[in-house]
1. Just to be sure I understand, how many residues within the stretch 7-47 are closer than 15 Å to GLN87 by Cβ and surrounded by fewer than 13 Cβ atoms within 10 Å (Cβ to Cβ)?
2. Residue by residue through the stretch 94-132, note down the ones that are under 24 Å from GLY57 (Cβ atoms), modelled with pLDDT under 90 and not small (Gly, Ala, Ser).
3. Out of the residues in the stretch 25-52 that are over 15 Å from the mean Cα position of the chain (by Cα) and not hydrophobic (A, V, I, L, M, F, W, C), state the one that is modelled with the lowest pLDDT.
4. Please find, among ILE71, ILE89, the residue that is within 10 Å of the chain's Cα centre (by Cα), within 17 Å of LYS38 (Cβ to Cβ) and at pLDDT 85 or above.
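The values are calculated or read from the model by the stated rules, or taken from the named source; none is laboratory data. Everything numeric in this text was worked out from a predicted model, so none of it was measured. Cβ: placed from backbone, ideal geometry, glycine included. Neighbour counts: every protein chain shown.
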Amino acid sequence: MPLKIVRSHSRAILPRKATEKSAGYDLYSVENKIVKAKSTALISTGLRMEIPPPFFGKIEGRSGLAYRYNIHVGGGVIDRDYRGEIQVILVNNATIDFHGENYCRIHVLTLIKVLSGMAIAQIIFQPCYNQSFVETTELSQTERNDRGFGSSGI
């Protein structure tokens with residue numbers, strides 16, 4: 001099913017998959033931006049979308065940015081009734097600043113520098129259905145029950 005998309009910036013790059021079987025479509029920055037160490041920044045993609053039902057968009061991080069530079073994505077749900085620009089919250093957990101400039105690959109000197117035009121995140125389209133709730137005082141028992149946070153393995 002085609003998804004309507006608007007480029008609201010001249011440098012906007014349409015989302016695309018890295019490979020045919022990739023789950024997510026890469027999203028690209030249209031701006032130069034510095035994400036200070038231990039802080040966050042809102043990065044513009046220059047794109048607006050009309051996501052068809054029953055889907056929503058889920059913004060996810062890129063494993064290479066997370067593994068190599070400790071850069072992660074915060075938040076990230078794009079509801080199907082949202083028509084504004086898709087923006088990405090980048091979180092820099094590293095101890096050095098993360099720079100963005102125009103159309104360049106990542107390189108490391110004494111700081112991390114990324115240029116606009118680089119893939120910064122990915123969007124995955126997932127179904128979302130309206131759910132009704134029934135309030136109760138008890139839930140069914142399972143083998144796991146309330147064990148969480150690594151209880152089923154790391």
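1. Counting residues in the stretch 7-47 that are closer than 15 Å to GLN87 by Cβ and surrounded by fewer than 13 Cβ atoms within 10 Å (Cβ to Cβ) gives 0.
2. Passing the criteria: PHE98, VAL114, MET118, ILE120, TYR129, ASN130, GLN131.
3. Filtering first and then ranking leaves LYS36.
4. Sole residue among the options that is within 10 Å of the chain's Cα centre (by Cα), within 17 Å of LYS38 (Cβ to Cβ) and at pLDDT 85 or above: ILE89.
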